[in-house]
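Any read-out appearing in this document is the output of simple, stated calculations on the displayed coordinates, not a laboratory observation. On a predicted model such as this, the values are computed, not experimentally measured, just so you know. Glycine also receives a Cβ, built like all others from the backbone with ideal geometry; neighbour counts cover every protein chain displayed.
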Amino acid sequence: MAEVTLFLREYARTRQDVGAIAPSSARLGKALTRYVIPSPGRSRAVLEVGPGTGAVTRYITGSLGRLDTLDLVEANSRFATLLRGTYGRDPRLRVLAGPVQEHELGRYDTIVCGLPFANFDARTTAEVFDRLLGSLRPGGTLSFFGYVGGTTVRRTLAVGPDRERTLAGQGVMRNILRRYEFRTETVLGNLPPARVHHLAPVSAPGQAERDGSCACREASS
Ligand SMILES: C[S@@+](CC[C@H](N)C(=O)[O-])C[C@H]1O[C@@H](n2cnc3c(N)ncnc32)[C@H](O)[C@@H]1O
């Protein structure tokens with residue numbers, strides 16, 4: 001409960017950065033962590049970007065093996081302090097405070113990202129995806145989410161320079177999805193309903209378009 005209160009307080013204080021009115025639901029947490037797959041006997045490195053109060057983190061830690069590691073990168077210092085209090089004694093976890101753009105990232109098998117891309121400008125979105133996709137090991141995946149209908153609402157309501165900024169950001173996101181997405185799922189059991197995107201780096205520029213591997217599968221939960 002204290003986590004929800006902190007989340008709401010931080011949303012009221014910095015709504016652009018927090019970008020959600022409530023922490024992710026259990027269903028969204030499970031969909032986002034679908035590719036955090038236990039792998040006994042092998043060490044896996046997982047990164048969560050924008051963990052907030054840890055609503056999704058608990059599903060990642062639930063499937064972490066003894067040899068696995070989890071880096072949590074959180075821009076909000078109050079959330080980072082909360083996460084350190086919850087996970088500080090687990091040697092597999094590191095909490096890195098500050099924007100992900102400012103951190104030296106490692107190499108990861110799985111990345112789960114909770115960033116509010118709808119609030120980012122085109123350049124920031126492109127920069128963040130560049131860094132995250134570039135930090136994946138071969139065969140790695142990146143999962144993130146947006147809200148159902150959010151793109152249309154923003155495009156409709158934005159005016160003037162804000163509209164240009166919104167359209168540019170959405171254009172960058174569309175290109176990223178076209179190029180790297182291999183699966184999408186709709187999660188109705190979240191406030192608001194969400195769409196989860198699962199991405200994997202393509203082997204060569206344009207490869208996904210040529211071999212059709214960017215065709216998306218849709219599922220609801
Ligand atoms: C939509 S909330 C998601 C919180 C949590 N993952 C969940 O699903 O409930 C977005 C989170 O991203 C964090 N954030 C925003 N910009 C960030 C950045 N550039 N780097 C790291 N974290 C960021 C916010 O502070 C917030 O905790």
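Before moving on, here are some points about what is shown:
- Build a GNM of the chain with springs between Cα atoms under 10 Å apart, and of 194, 126, 12 the one that fluctuates most is 12.
- The fraction of Cα-Cα pairs per 5 angstrom bin, counted from 0 for the chain, comes to 1, 7, 14, 19, 21, 18, 12, 5, 2, 1, 0, 0 percent, rounded to whole percents.
- Each peptide in 175-186, 160-171 gets a packing score, the mean of other Cβ atoms within 10 Å over its residues, and the list from highest to lowest is 175-186, 160-171.
- Taking the charge dipole of the range 1-58 about its Cα centre, with +1 at Lys and Arg Cβ atoms and -1 at Asp and Glu Cβ atoms, the residue from 53, 8, 33 reaching farthest to the positive side is 33.
- Gaussian network model of the chain, springs between alpha carbon atoms under 10 Å - residue of 159, 172, 18 with greatest fluctuation: 159
- Centre-to-centre separation between the Cα atoms of the range 1-53 and those of the range 82-153: 10 Å.
- Relative intensity, log₁₀ I(q)/I(0), of the range 1-44 from a Debye sum that treats every alpha carbon as a point, q = 0.30, 0.32 Å⁻¹: -1.01, -1.05
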